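This report refers to the structure that appears directly beneath it.
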Amino acid sequence: MNAARKIGLNLEWLSDCGGCHVAIVDVHEKILDILGAVQIQHCPVLTDIKDYPHADIGIVSGAIRTEHDRHVAQEMRASCDKVIAWGTCAIYGGIPGAALAHSREEILQAVYTRNPTTRTNEAPHSQVALLEKQVIPLDEVIGVDMYLPGCPPHAAFIFDALLALVEGRAPKARQETVCARCTRSMKKSEETRLKSNHDGIPDPDLCLLSQGYVCLGSVTLDRCLSPCPSQGVMCTGCAGPTMQILTEPNRDLRTEVADRMSRLTAIPREEIVASMERSGKSHYAYAMASKMVGEKPTFLIRKWIAEVEEEA
Ligand code: SF4
Ligand code: SF4
Ligand code: SF4
């Protein structure tokens, strides 16, 4: 690439919370190292440009939930030489993907017809883009050249990714889990009880699993520098599963965590498995829309949900 020419950059967001775009601001003054080398052409949070000029790089956050999202994703693919799926929503469906646990009709009823604050009594038929049948990760609709998971990715990873683009190299692809950065020690305990996050104050030094809290740090890719367990909060897996979980069909969040936790405590493995199934909507909230997770023989979330709702 001609060094004098600025790198054309298009940014877009689909169905998401906007946090991945806002997270770019967390890079603070270091962003100046990058801004001089790029030309931001299309970016809904900065510009009111509706068309999609040709760009070297396209950054897309968010999942495909509506027909409009699908159209925008295709426009980005057509206009950008390389497309980056930015954040967990774009890569695995993220939090919008948790809607997999409900049908399109249930969602429309909950948001419009049964919602006491909107009081429309019917779902809109025009002006609002139609929902796709379910939430779809970006790479199931368009080709993706690079992935940056995280909800949102930590500024350190964002800076490295942006700098790598400017320098024309691949970003550092570290594969550590959240546990790798956590300072708590995994030790065998005599704990016999599964706890929820509002159950007491955890010991500050001991691994949360050893204390009976279901922490997903060991099955989650570190794209955050492990802030939650450091503050005594269980990791809920917002950066998405590790490559090991994704690529080995019989490995799963539930089975891996249950194996590890039962070895660290006196809680039976079957009890942990059953508890994680009952809370499947929470434990799989970020990645359940991904085919890599959804097609696992161990992943039966629709069955678990149906059973839990039958019990209720
Ligand atoms: S990945 Fe997280 S921060 Fe990024 S858009 Fe989705 S919900 Fe928001
Ligand atoms: S499971 Fe959670 S608390 Fe335990 S070491 Fe890993 S991140 Fe830390
Ligand atoms: S929930 Fe887990 S992956 Fe998400 S920010 Fe906290 S520690 Fe990181």
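The values are calculated or read from the model by the stated rules, or taken from the named source; none is laboratory data. Being a predicted model, the structure only gives us computed values, none of them experimental. Backbone-built Cβ (ideal geometry, glycine too); neighbour counts: all protein chains shown.
Key figures
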| item | result |
| --- | --- |
| Set Pro149, Pro124, Pro116, Pro171: member being under 29 Å from Lys281 (Cβ atoms) and either surrounded by 17 or more Cβ atoms within 10 Å (Cβ to Cβ) or touching a Cys at 6+ places or on another chain (Cβ under 8 Å) (or both) | Pro149 |
| Output for segment 183-230, where each listed residue is assigned to a loop (DSSP other than H, G, I, E, B), polar (S, T, N, Q) and within 30 Å of Thr247 (Cβ to Cβ) | Thr183, Asn197, Ser226 |
| Segment 77-95 - residue that is crowded, with 23+ Cβ neighbours inside 10 Å and part of a helix (DSSP H, G or I) and, of those, farthest from ligand 3 (Cβ to nearest atom) | Ala90 |
| Selection status of Asp51, at pLDDT 90 or above, within 30 Å of Glu176 (Cβ to Cβ) and among the charged types (D, E, K, R) | no |
| Matching residues in segment 187-197 - criterion: being more than 16 Å from ligand 3 (Cβ to nearest atom) and within 28 Å of the chain's Cα centre (by Cα) | Leu194, Lys195 |
| Residue count for segment 76-114, restricted to those that are in contact with an Asp or Glu (Cβ under 8 Å, 6 or more places away or on another chain) and either farther than 25 Å from Glu309 by Cα or in the same structural domain as Met288 (by TED's automatic domain parsing) (or both) | 11 |
| Val135 being at pLDDT below 95, away from ligand 3 (no atom under 16 Å from the Cβ) and not in a strand (DSSP E or B) | no |
| Count of residues meeting criterion [surrounded by 15 or more Cβ atoms within 10 Å (Cβ to Cβ) and either among the acidic types (Asp, Glu) or outside any helix (DSSP H, G or I) (or both)] in segment 290-312 | 4 |
| Residue, farthest from ligand 3 (Cβ to nearest atom), within segment 172-186, restricted to residues that are aliphatic (A, V, I, L, M), under 21 Å from Ala155 (Cα atoms) and in contact (Cβ under 8 Å) with a residue 40 or more places away in the chain | Ala180 |
| Segment 79-92 residues that are closer than 9 Å to Gly62 by Cα and within 13 Å of ligand 1 (Cβ to nearest atom), paired with ones that are among the hydrophobic types (A, V, I, L, M, F, W, C) and in a helix (DSSP H, G or I) (beta carbon under 6 Å, 6 or more apart) | Ala85/Ile91; Ala85/Leu138; Trp86/Cys20; Gly87/Cys20; Ala90/Leu138 |
| Segment 198-225 - residue that is over 18 Å from Leu264 (Cβ atoms) and either away from ligand 3 (no atom under 11 Å from the Cβ) or surrounded by fewer than 22 Cβ atoms within 10 Å (Cβ to Cβ) (or both) and, of those, nearest to the chain's Cα centre (by Cα) | Cys224 |
| Which numbered condition Pro116 fails, given (1) within 16 Å of ligand 3 (Cβ to nearest atom); (2) at negative phi | (1) |
| Any hit, segment 161-182, residues being within 26 Å of Ser275 (Cα to Cα), part of a loop (DSSP other than H, G, I, E, B) and in contact with a helix residue (DSSP H, G or I) (Cβ under 8 Å, 6 or more places away or on another chain) | yes |
| Selected residue (criterion: surrounded by the fewest Cβ atoms within 10 Å (Cβ to Cβ)) from residues of segment 57-76 that are out of contact with any Cys (no Cβ under 7 Å at 6 or more places or on another chain), assigned to a strand (DSSP E or B) and in contact (Cβ under 8 Å) with a residue 60 or more places away in the chain | Thr66 |
| Pro124 being within 17 Å of Arg65 (Cα to Cα), out of contact with any His (no Cβ under 6 Å at 6 or more places or on another chain), assigned to a loop (DSSP other than H, G, I, E, B) and at pLDDT below 85 | yes |
| Tabulated pairs, segment 209-229, first at pLDDT 95 or above and of a type in the set (Phe, Trp, Tyr), second more than 16 Å from ligand 1 (Cβ to nearest atom) and not in a loop (DSSP other than H, G, I, E, B), C-beta under 7 angstrom, 6+ apart or interchain | Tyr213/Lys195 |
| Any hit, segment 271-289, residues being among the β-branched types (Val, Ile, Thr), in contact with a helix residue (DSSP H, G or I) (Cβ under 6 Å, 6 or more places away or on another chain), surrounded by 15 or more Cβ atoms within 10 Å (Cβ to Cβ) and farther than 29 Å from Gly19 by Cα | yes |
